[in-house]
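A short worksheet on the structure shown next.
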Amino acid sequence: MCRQYIFLSSATTVRAFHQIVSNALVLKDSSSPFKLLSKKLTMKTKLVSIDPNSFSFVDGLEDPTFTTTDQNGLETLSKAALLLKDNKVVAIPTETVYGLAANALNAKGILQIYATKNRPADNPLIVHISSLKMLRSLLMNEEIPQIYHSVIHKFWPGPLTILFPKSSLIPSEVTCNQETVAIRFPSHPIARALITVCGFPLAAPSANVSGRPSPTLASHVMDDLNGKIPMIIDGGQCSFGVESTVLDGLQASGPAILRPGGVTYEALISIPEMNGLRVYKKDFVDKNLENTPTTPGMKYRHYSPNAQVVLLEGNDVHSIRKLVEGEVANAVKSGNEKIGILRTTGVSDVQGECHKQEVNIKGNGIESDMDNGTMSRETIEYVLGNAERPQQVAQELFKGLRYLDEQKVDCIIVEGVSEAYEGLAVMNRLRKAATRIVREQK
């Protein structure tokens, strides 16, 4: 057996610096080194690293500012802000996944997002802010609905997106002509600092080609968008690894999670205003909402690698392992040369560990050792994490899907997890990515 290990990564005041950016000349198309000369990939993409730990924030949520010990990082944010002011797009790290950012208040920049990602025109965007002051400027009557007050002060900044009645400042291209806008206050220091430096909110869906697994490393963004965007800011691996939770508290029927993510159902239901909280597709369905979504992640198939994905759902470790055995046998008999397995059961806490081995099929069973079996294939097992610690699995999910795609596997067999806590978000993404779902027979 061949074993491969993957090792994971995990003061100047902004107000003075913001003045510098505000006074700077915006790059013009005629002089910009990032000008798109044709619809082909003619742009040079610059990859720049910033240490997120070099930023510190003060003054709470209302109108925070920051200091940094990294002057080079600050200069990088200056260049990114200029691009964004010129309605270009920039890939940025967040705590969930890497985002493809544009000025949320300018339709020209927003259209760059849709074109770059090949994103469906009826799939709304999430707006990212850096203060409650900025939030109010985007809302109808500049008022934050009462139902959200406790949620905001407990979970922001963080991986929670909230639906609000929008003001006329938000272009219709952001909301796809809906009367509400999805907004979140990210906790990632680089995202927060960049928005503050810009002085305007950023729309930022995942920085990938639409439909592909979301990027949790800058290298994932480079794989998808190299030559299509001027800049990628590398802030290391995203700490959560799947997109934000989307909360709708505006409906007469009560609050609802429209997309599970970084803030769990269990955490939200502990807030008194969230009494009666429901989860879309689990507790209720709404065809009108699906046909004209108010938030991303509701209508289209997402997160899919090139290989076929088979999701296994069982009640315990034994049943999941039995399903894996059967699916590997089926894959080999179907002529698959290389089989990927994303493991969550019977594993250590070493995330990202990878194992390669030969499997042989004799009759209806699998043998791991080489013998005279008539069918021998390679399997590559990637450890997402322990199923009993779903946050581990969430952090590695998209990275694991992309890694197995890079290995050119023909199919990917995924061991599912319980839907408790972060497992709800994990299973939501896997069901959207799956070509086929296999459930334990009761």
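None of the figures in this text is laboratory data; all of them are computed from the coordinates on show. It should be emphasised that the depicted structure is a prediction, and the values quoted were computed from it without experimental measurement.
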(message) For Lys88, give me every one of the aspartates and glutamates with a C-alpha distance below 20 angstrom, ignoring sequence neighbours fewer than eight places off in its own chain.
(response) Asp29, Glu75, Glu173, Asp223, Asp224, Asp234
(message) Need one number: the % of Cα-Cα pairs in the range 176-286 sitting beyond the 22 Å mark.
(response) 46
(request) With θ set to phi - 60°, apply the Karplus curve 6.51 cos²θ - 1.76 cosθ + 1.60 along the range 180-189 and write out the HN-Hα couplings as whole Hz, x wherever there is a Gly or Pro. (result) 10, 10, 8, 10, 9, 10, x, 9, 5, x
(request) Please give the length that would be gained between Ala420 and Ser219 if that part of the chain were fully extended, namely 0.36 nm times their separation in residues minus their C-alpha to C-alpha distance (nm, one decimal). (result) 69.3 nm
(request) At q = 0.19, 0.21 Å⁻¹, work out log10 I(q)/I(0) for the range 214-346 with the Debye formula, treating every Cα as an identical point scatterer and leaving solvent out; two decimals please. (result) -1.19, -1.21
(request) Taking just the C-alpha trace of the range 102-159, give me its Rg and Dmax in Å. (result) 14.0, 37
(request) Give the shape of the range 54-202 as rounded, prolate or oblate, defined through the alpha-carbon gyration tensor: a ≥ b ≥ c are the square roots of its eigenvalues, a/c under 1.5 means rounded, and otherwise the shape is prolate if a/b is larger than b/c and oblate if not. (result) oblate
(request) Take the Cα atoms of the range 233-295, build their convex hull, and give its volume per residue in Å³. (result) 122
(request) Name the shape class, rounded, prolate or oblate, that the alpha-carbon gyration tensor gives for the range 35-142, where a ≥ b ≥ c are the square roots of its eigenvalues, rounded holds for a/c under 1.5, and otherwise prolate holds if a/b is larger than b/c and oblate otherwise. (result) oblate
(message) Run the reach check for Lys154 against aspartates and glutamates, Cα to Cα strictly under 13 Å, same-chain hits fewer than 8 apart removed. What comes back?
(response) Glu273
